[in-house]
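Here is the structure we will look at.
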Amino acid sequence: MIFLPLILAHLLGDFVFQPNAWVKDKEQKKLASPYLYIHVLLHTVLSFVFLWNLNYWWIALVVGVTHFVIDAAKLQFQKPKNKRLWFFIDQFLHIAVIIALSLIIQKNIDWNIIFNETNLKLFTAAVF
């Protein structure tokens, strides 16, 4: 199963290991911010580490590339008025990528394991 490791890597990369100073710098400098690229590299490395399978190197690469594209789009289109909306769009797209990768690898995902009460509480807490 790759869904839960990738979700955990995502939550750590976006919420635990990304200081507010990086976020502010990215919002001010957009694509010129070095922290955007460090953030993407962090997501790529975390994905690879949490998958811990050399055969899945390409999944970590896809996570990194799509994370860059999604974050770059958010930075370009985000304004003070719609910042909250772009936050949710950004998170939805990252999770959609993780779901798509999971479906590619495991055609028969047991959604009851993923969307059980404990995981839903964790997802809710993370979004909150």
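Some points to look at:
- Helix content alone sets the calculated 222 nm mean residue ellipticity of the chain: runs of n ≥ 4 DSSP H residues at -39500 (n - 2.57) each, divided across all residues, give -24000 deg cm²/dmol.
- Karplus-derived 3J(HN,Hα) values for region 115-123, using 6.51 cos²θ - 1.76 cosθ + 1.60 with θ = phi - 60°, are 9, 7, 4, 5, 5, 5, 5, 5, 4 Hz; glycine and proline are entered as x.
- GNM result for the chain, Cα springs below 10 Å: residue of Pro34, Pro80, Pro19 fluctuating most strongly: Pro80
- Summary of the geometry: region 59-128 and region 1-41, compared by the centres of their Cα atoms, lie 12 Å apart.
- Surface share of carbon and sulfur [accessible, 1.4 angstrom probe, percent] for region 15-128: 70 percent
- Per-residue 3J(HN,Hα) values for region 17-29, derived from phi via the Karplus relation 6.51 cos²θ - 1.76 cosθ + 1.60 with θ = phi - 60°, read 9, 10, x, 4, 4, 5, 4, 4, 5, 5, 5, 7, 9 Hz in sequence order (x marks Gly and Pro).
- Low-density loop positions, chymotrypsin sites (Phe, Trp or Tyr not before Pro), region 1-92 - DSSP coil, at most 16 other Cβ in 10 Å: Phe17, Trp52
The values are calculated or read from the model by the stated rules, or taken from the named source; none is laboratory data. None of these values were measured; they are calculated from a predicted model. Virtual Cβ from ideal backbone geometry, glycine too; neighbours counted across all protein chains shown. Accessible surface is based on the protein model in full, side chains and every heavy atom, while ligands, DNA and RNA are left aside. Shrake-Rupley method; radii C 1.70, N 1.55, O 1.52, S 1.80 Å.
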